[in-house]
Amino acid sequence: MKKSNIIITIKKELRSIFRDKKTIFIIFGFPFIIAFFIFLFGQMEDSMVGSESVKYNIGVNYELNSTEKSILNEYRLVPTYYKNISEMKEAYNKGEIETYIDFNQEKNIYIIYSSDDIMASPAGSYAISYLDAYNKYLGDLYLKGEDIDPEIVYGKITYEMKTPDGEEISTDGMMIDMVMDISFTYIIMAIAMAAVNMATSAIATEKENGTLETILTLPITTSELITGKYIATVIIGIFSSIIGFILTLISFSIARNMYEVYEGFSITFGAIFFGIIICIVASFLIGAIAIVLTSSAKTYKEAQAAGQILQIVCIAPMILSYINISSTIAFYLIPILSHTTILMDLYSGNINYLNLFLTIGSTLVYIVIMLYFLIKKFKSEKVLFGA
Amino acid sequence: MLEVKNVSKQFQKKINQKETASFLADNNISFTAKEGEIVGIIGPNGAGKTTLLRMIAGIMTPTEGEIIIDGENYKTNEIAIKKKIAFLTGNTKLYKDISPYELLKMCGEYYDIPKNKLDDRINAIIKRFGMESFKHQRIETLSTGQYQRTGISRCLVHNPKYYILDEPTSGLDVISSKVILDFVKEEKKNNKCILYSTHYMEEAENICDKIVMINKGSVIAIGTPEEIRKQTNTTNLRDGFFALIGGSYEEK
């Protein structure tokens, strides 16, 4: 094969694709959606759960003892004393406090005034927790006064949560797993989107326009032409995934310092190195699949429809994670699923070299198979001309 | 010299979901074409002209027979032959997102023309076809005439010896057709060999030195327009064609 013909073809394909606004958006715009999603999710999660650093101002119209102050502090509530409910209401309306508690001494009732939008401010629900905790403290105090061990009263039943397999259920890190799953699925999907777009332009559009016929009359062999188009598809895939990957890492790194939900996210040199390797090998494989899928199409529309199959397959890892299917060693042998799963492992701090080897090794085998299939396919005049 | 020797091309045609049938697009076609000669490949739609020209251009392989150009065939020296030919079809579209200059440059690079020579050649072609005003404009923005000139100019970049023109005037108006016909006549003067396929028999009669008349994949007549008129005892190629096929025509 003549190297210069392959290089001219790569240059031609890349020039064509970089002059297409749709592709530019897929390569540069799509990763920003991932970044936006990471920050949005962090913000939402912190609003709902609350961050250690976030404090909520509340108003009270009664004297607080040291125990109450301690419980309020535990729930991140900062109390301010007001003489009466009118003053508290005024402060609430001015936005000085997010919730206020009116204690009616005659009826011995605490009334919590708060927004009905818990998503906007969780201060109201924390106020409930504070009163529940204080109530339990008073109950414990009473029982102790009566010489009764509170544990005997409250310890009648105990409970634990486990999976049917007997594993303890922990919600710690569940949310970050979900966000990471979506983000890494998007990175692999970005390769598919860019590769399908490139393969469609390089093969189906050329066939539809008749330019493929013309180019084959030039002094270039079919193998050189297809190799050039394939490498251009891979370059676009790598470009798209690396941009998405780097932007995702930057986003997680920034978000980790802003939102507690991302505390479990870990970045090491190894994780970055292997993450890039995964993006590259995935691009080689997905690029070949994209060309094979779109090559039989005679028109741009047919090719896009064929390419959508690949894009849907890329969402599969995310769906499997939603339906709570735990990864097994077989996952690392299934292309696309293996790439998303190994990226998840790398950034959860669970680098398993056997799984990494299985992922990269199996992908290389699939690439060789796909390339053999690709070259065989393009020897056919039916594929080139639909004859 | 371009020689087409006993060339046949068979395709598998799908009849329905399960069955396919063999279909002979070209059957045992032979003829020769020399430098300085315009050879018209004429026949109705579906006669097998495009398949024949695709085989001559090296983008399809004959099922039987061989194509020899200057003593070489595609099996032994594909690239050397491709460097001698230029292929232009009436329905070929150009890359929309590049300029005429970029198109010529890309083609020249494929033909391995040294950079300094290529620039000179491109400039000469641009001058010849009056393309200065739009050479850096994207092809998708060109007018029909400018587009057509760009298409022809692409064929000239490597100074080919053989032109394979497949219905180049198909669907064009009188003025646009004239541009093509003038180009063909000029290249003949430059001692180039031109294979000119058309279903416009009057056009072929006017410009071709030799006619290869095809119907249903087979050659039904070869000769100068004058020889075919004499052979069929008619006054023009159209009548000659109908005389040769027995007065009726059925498309495959």
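The values are calculated or read from the model by the stated rules, or taken from the named source; none is laboratory data. Since the structure is predicted, the reported quantities are computational estimates derived from the model, not experimental observations. Cβ placement follows ideal geometry from the backbone for every residue including glycine, while neighbour counts extend to all protein chains displayed. Areas reflect the complete protein model, heavy atoms only, side chains present, ligands, DNA and RNA absent. Shrake-Rupley method; radii C 1.70, N 1.55, O 1.52, S 1.80 Å.
For region A:186-213, how many residues are crowded, with 24+ Cβ neighbours inside 10 Å and farther than 18 Å from A:Ala232 by Cβ?
The number of residues fulfilling the criteria is 3.
Checking B:Asp239 against (1) under 13 Å from B:Val39 (Cβ atoms); (2) more than 20 Å from the chain's Cα centre (by Cα), which test does it fail?
Tallying (1) under 13 Å from B:Val39 (Cβ atoms); (2) more than 20 Å from the chain's Cα centre (by Cα), B:Asp239 fails exactly one: (1).
Checking the structure you have, find out if any residue of region A:69-87 is among the hydroxyl-bearing types (Ser, Thr, Tyr), out of contact with any helix residue (DSSP H, G or I) (no Cβ under 6 Å at 6 or more places or on another chain) and either open to solvent by less than 60 Å² (accessible area, probe 1.4 Å) or under 22 Å from A:Lys136 (Cβ atoms) (or both).
Yes: one or more hits.
Considering region B:102-153 alone, what residues qualify as being small (Gly, Ala, Ser) and open to solvent by 40 Å² or more (accessible area, probe 1.4 Å)?
B:Ala124, B:Ser133, B:Ser143
Give the residue that is farthest from B:Ile56 (Cα to Cα), with candidates limited to residues of region B:208-241 that are in a strand (DSSP E or B) and open to solvent by 40 Å² or more (accessible area, probe 1.4 Å).
Of everything passing the filter in region B:208-241, B:Ile220 is farthest from B:Ile56 (Cα to Cα).
Would you mind telling me which numbered condition in (1) part of a loop (DSSP other than H, G, I, E, B); (2) within 14 Å of another protein chain (Cβ to nearest Cβ) B:Leu165 fails?
(1)
Here is a check on your reading of the model: is B:Ala21 surrounded by fewer than 12 Cβ atoms within 10 Å (Cβ to Cβ), under 18 Å from A:Ser380 (Cα atoms) and not aromatic (Phe, Trp, Tyr)?
In short, yes.
Would you mind telling me which numbered condition in (1) within 21 Å of B:Leu165 (Cβ to Cβ); (2) surrounded by fewer than 19 Cβ atoms within 10 Å (Cβ to Cβ) B:Glu205 fails?
(2)
Any residue at all in region B:15-27 that is touching a residue at least 60 places away in the same chain (Cβ under 8 Å), touching a helix residue (DSSP H, G or I) at 6+ places or on another chain (Cβ under 7 Å) and closer than 30 Å to B:Asp239 by Cβ?
So far as region B:15-27 goes, yes, one or more of its residues are touching a residue at least 60 places away in the same chain (Cβ under 8 Å), touching a helix residue (DSSP H, G or I) at 6+ places or on another chain (Cβ under 7 Å) and closer than 30 Å to B:Asp239 by Cβ.
Out of all the residues in region A:228-242, which are within 20 Å of A:Gly307 (Cβ to Cβ) and open to solvent by 10 Å² or more (accessible area, probe 1.4 Å)?
Hits for region A:228-242 are A:Tyr230, A:Ile231, A:Ile235, A:Ile238, A:Phe239.
Identify all residues within region B:168-193 that are open to solvent by 30 Å² or more (accessible area, probe 1.4 Å), assigned to a loop (DSSP other than H, G, I, E, B) and farther than 9 Å from B:Gly90 by Cβ; write none if there are none.
B:Asp173, B:Asn190, B:Asn191
Scan region B:1-18 residue by residue and report those that are open to solvent by 50 Å² or more (accessible area, probe 1.4 Å), of a type outside the set (D, E, K, R) and closer than 19 Å to B:Met213 by Cα.
B:Asn6
Just to be sure I understand, how many residues within region A:1-20 are open to solvent by 30 Å² or more (accessible area, probe 1.4 Å) and within 11 Å of chain B (Cβ to nearest Cβ)?
8
So which residues in region B:28-59 are open to solvent by less than 10 Å² (accessible area, probe 1.4 Å) and within 12 Å of another protein chain (Cβ to nearest Cβ)?
Hits for region B:28-59 are B:Leu53, B:Met55, B:Ile56, B:Ala57.
Which residue out of A:Glu96, A:Glu106, A:Glu63 is within 24 Å of A:Gln43 (Cα to Cα), in a loop (DSSP other than H, G, I, E, B) and open to solvent by 60 Å² or more (accessible area, probe 1.4 Å)?
A:Glu96
Step by step: first the residues of region B:71-114, then only those that are away from chain A (no Cβ under 12 Å) and not in a loop (DSSP other than H, G, I, E, B), then the one that is farthest from A:Asp20 (Cα to Cα). Which residue is that?
B:Glu72
Take the conditions over 18 Å from B:Gly246 (Cα atoms) and at pLDDT below 90 and apply them to B:Leu195. Does it pass?
Criteria not met by B:Leu195.
Would you please list the contacts, defined by Cβ atoms under 8 Å and residues six or more apart or on different chains, that run from a residue in region A:131-152 that is open to solvent by less than 70 Å² (accessible area, probe 1.4 Å) to a residue that is of a type in the set (Asp, Glu) and assigned to a helix (DSSP H, G or I)?
A:Ala133/A:Glu74; A:Tyr134/A:Glu68; A:Pro150/A:Asp140
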